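The values are calculated or read from the model by the stated rules, or taken from the named source; none is laboratory data. Quick caveat: nothing in here was measured; it's all calculated off a predicted structure. In this analysis, Cβ positions are derived from the backbone assuming ideal geometry, glycine residues included, and neighbour counts consider all displayed protein chains.
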Amino acid sequence: MRRVGPFVNDGGEMANVRHGQMHGNGNGNGDGSMGAYRPSVIHSAAHELRTPLTAILGFAEILRREGSEIDEEEQERMLGHIITNARAEVRIIDRWLGDFRAGNGDGSRSHRGTFDVREEVDALCGDIEPLIDGHLLHVRVPQGLTVSGQADDVREILSNLLMNALKYSNTESTITVTAEETRAFVTMTVHSEGDVIRPADLRRLFEEGYRAPAHAGRLGSGLGLSIARDLVTRLGGRIWAESDPNGTTFKFTMPLANAAVMAADS
């Protein structure tokens, strides 16, 4: 049996998780071509596709390697996550191609809706479970926090922050995701246990391509945090990082749905 890591629900109950199962700015040419897009725009699109594709490969490898030992219900659950991630890939590609044709070129989403934060967090954690890789993922997000914006934006922000936490935290350490209502906003945090980041480096973490000196040798594009910053700004929130001997915490805010409606009406 493969151990990805236990999931701890917001009630504090720990459940052993089988296969990680949870209980609980370039400009276009105007003609639809991509010739004038900066390389970083293409890199951003590729970066966005990487996580769902890696998750698909992870689930597929588990099924190929251990399929005969996995019961039918578990196989169906994992196949469901493969399908969900594949559909996410199609949506991402369609959105970027549509933006290229329209000369928008930054992958931005024009439509704003509302969504429940806990539902999106649970769905994301399920979809990326093969990538958790032995860590303990602890989620403390209450039900009923309704946010204004694009659910896909928030899932990408969280995905980038979680991938960052998995890459730079200690093996088999705890990663904690929390959310709380603060006035007209929801504040989300992703905390991981790892090396302290110097204040001078904290201020530069969200620059495109920047790597803290301690992490300079790690693989990656250095785009994840700058993409998260741009998406949070688009949502009408802000993002920052804090670090101390207990680890590093990334925080970002999103407007509550009712607060966004009131602002639009004022």
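Please tell me if residue 45 is more than 23 Å from residue 126 (Cβ to Cβ) and modelled with pLDDT under 85.
Values: more than 23 Å from residue 126 (Cβ to Cβ): yes; modelled with pLDDT under 85: yes.
Spelling it out, residue 45 is indeed more than 23 Å from residue 126 (Cβ to Cβ) and modelled with pLDDT under 85.
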Selection status of residue 99, part of a helix (DSSP H, G or I), modelled with pLDDT under 85 and surrounded by fewer than 12 Cβ atoms within 10 Å (Cβ to Cβ): no
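If the requirement is being modelled with pLDDT of 95 or more and surrounded by fewer than 22 Cβ atoms within 10 Å (Cβ to Cβ), which of these qualifies: 151, 179?
Details: 151 fails: modelled with pLDDT of 95 or more.
Every option except 179 fails the conditions.
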Among (1) part of a loop (DSSP other than H, G, I, E, B); (2) surrounded by fewer than 19 Cβ atoms within 10 Å (Cβ to Cβ), the one test that residue 197 misses: (2)
Boolean, residue 205 is out of contact with any His (no Cβ under 7 Å at 6 or more places or on another chain), surrounded by 14 or more Cβ atoms within 10 Å (Cβ to Cβ) and either not assigned by TED's automatic domain parsing to the domain that holds residue 237 or not in a helix (DSSP H, G or I) (or both): yes
Top-ranked residue in region 210-266 [being part of a helix (DSSP H, G or I) and of a type in the set (Val, Ile, Thr); ranked as modelled with the lowest pLDDT]: 261
Residue, surrounded by the fewest Cβ atoms within 10 Å (Cβ to Cβ), within region 102-146, restricted to residues that are at pLDDT 85 or above and polar (S, T, N, Q): 143
